[in-house]
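Novice: Questions regarding the structure given below will be posed in turn.
No lab work stands behind these numbers, since they all come straight from the coordinates. All of these numbers come straight from a predicted model, not from anything done at the bench. Here Cβ is always computed from backbone atoms with ideal geometry, including for glycine, and neighbour counts include all displayed protein chains.
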Amino acid sequence: MDPETVGLLGVFAAVAGLATAAGLALSGRRGRLSARLEELSGKAPRGDGPERPEAVAKIARAALPKLGKVIVPEDEGERNRLAARLVLAGLYNRQALQVFLGVKLSILIAALILGVGLMFSGAAPAATSIAVALGVFAAGMIGPSFWLDDRRKRRQMKLRRALPDAMDVLIICLEGGLSFQAGLKRVAEEIASAHPLLGGELRIVDREIQLGRSPGEALLHFAERTGLDEAASMATVVGQSERFGASLVKSLKAHSETLRERRKQTAEERAQKAATKILFPTLLCIFPAVFIILLAPAVIQTMAVLGGMGGGEPGGPPPPASVAAGR
């Protein structure tokens, strides 16, 4: 078998292996449609992930806050900014700041232990050990922050998607004669099956109203916890209705229509961006394989022709008859 054929077979095997691995990785994930249907039917798990063993959870709850206290920023402004980011990501626990910093510090310690272990055990050269340790160290420095921002964005997307539905149910309750607080409590109960995240936030708003805050202040606090402009505008509408005595139902109807129009525009914008985003995977994954399939035979034939046109070696085969006749 000539080297060109062996090379082509190797390229084909590599591409086929990558395609198979990508297919297996993607087939193991649940589709967005099936996950959405399970969420609406109430069959989706309410937790953020699979249940961890109780022993590991106890050790983590006990050790991570102690580690995090070591690197808690001394500047109060920096602590408040980090705490605000944790609140926007939905981490309301009192020890969330210490646990987050504890996770970051544990990754940095693991990077140090990994680098020293690889270096002194002889499993890898010193340069490789240092590179691996630096890579894990960099991941520990910036990885938790990226995870926090991603969690905040996904949480805001879920809340933004669910808010117009909650507004419609609230308007129906108000038109039926319920007060704003009673209607909000009913909405939190009814919408929890379809949108558990928003249902939990509305229950917090209801508790704050019961503790003495006005509905406008409780909704404004809800907007600060989530970072949603839609929630802030809703708090403004409710506050103005309380202050000036305007019709709350009409104001909420207009606000609900605005939210739905904004959600429609966002969906159209994302659909327009999809055509551009799919261009890069097409160029990087599909076109190279197509070029190999189309151009490889021509390249092999060209190399064979150029090799045959080279000068004859001593003792080599005689030239073709047509060439000899031309001479």
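Novice: Obtain the nm distance between the two label points defined at Ala138 and Ala289 by a simple spin-label model: each point lies 7 Å from its Cα along the Cα-to-C-beta direction.
Specialist: 3.0
Novice: Could you work out the percent of alpha carbon pairs in the range 209-257 separated by over 14 Å, rounded to a whole number?
Specialist: Across the range 209-257, Cα pairs with separations above 14 Å total 50 percent.
Novice: Quick check on the range 156-272: what are the equivalent-ellipsoid semi-axes from the Cα gyration tensor, as sqrt(5λ), descending, whole Å?
Specialist: After scaling each eigenvalue by five and taking roots: 22, 16, 14 Å.
Novice: Express in nm, to one decimal, how much length is gained between Glu261 and Ala232 on full extension, taking 0.36 nm for each residue of separation and deducting their alpha carbon distance.
Specialist: Separation in residues times 0.36 nm, less the Cα-Cα distance, equals 8.7 nm.
Novice: Same structure, new question: How far apart, in nanometres, would the label points at Ser193 and Ile172 be if each is projected 7 angstrom from Cα along the Cα-to-Cβ direction?
Specialist: Going by the 7 Å Cα→Cβ label model, 1.2 nm.
Novice: Additional query: Spin-label point model (7 Å from Cα, Cβ direction): what's the Val72 to Ile300 distance in nm?
Specialist: 6.9
Novice: With θ taken as phi - 60° and the coefficients 6.51, -1.76 and 1.60, list the Karplus ³J(HN,Hα) couplings across the range 169-178 in order, rounded to whole Hz; mark glycine and proline as x.
Specialist: Per residue, the Karplus-derived 3J(HN,Hα) values read 5, 5, 5, 4, 5, 5, 5, x, x, 6 Hz.
Novice: Something else about it: Starting from 0.36 nm per residue, how many nanometres of slack lie between Lys277 and Leu112 once their C-alpha separation is accounted for?
Specialist: Full-extension gain reported as 55.6 nm.
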